[in-house]
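Every read-out reported here was derived from the displayed coordinates using simple, explicitly stated rules and does not represent laboratory data. These numbers were taken from a predicted model, which means no experiment stands behind them. So basically every Cβ, Gly included, is an ideal-geometry build from the backbone, and we count neighbours across all protein chains shown.
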Amino acid sequence: MKILVVDDETDVRTLFEQRFRREIRSGKFEFSFAYSGEEALNYLHSHVSEVVLILSDINMPGMSGLELLRLVKQEYDAPPPPPPMVMMITAYGDTESYNQAMQLGANDFLTKPVDFAALKEKLLSLETL
């Protein structure tokens, strides 16, 4: 499963590569990383048929994760290929951000610090879809 992680914190790459080392090695998950909403959109334009899931931070400079979510849902809502699922991640677990993300079509909403054990379970359950 190809997963695009979008976060302006560059150390997120190391964190994901450490936490999912076994799954990456076995080929269950393949992660790509974008450090802004704009970079994520550029990546999607050339890899959309590959990306199954987007994990995006909400608060980023420039394009926010919510704006990215809105654009992804607008641009990639009609198959083929099936649109990628989008999980939003934020340090601010406020109701307003949650409601806005869900209204824009997010498939899930996670708060930082990310519970990697719970995230791994969610990702493994998506594999069977």
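Panel order for ASP115, ASP57, by other beta carbons found within 10 Å of each beta carbon, from fewest to most: ASP115, ASP57. Note on LYS28: aspartates and glutamates with a C-alpha under 16 Å away, same-chain residues under 8 apart excluded, are GLU17, GLU50, GLU121, GLU127.
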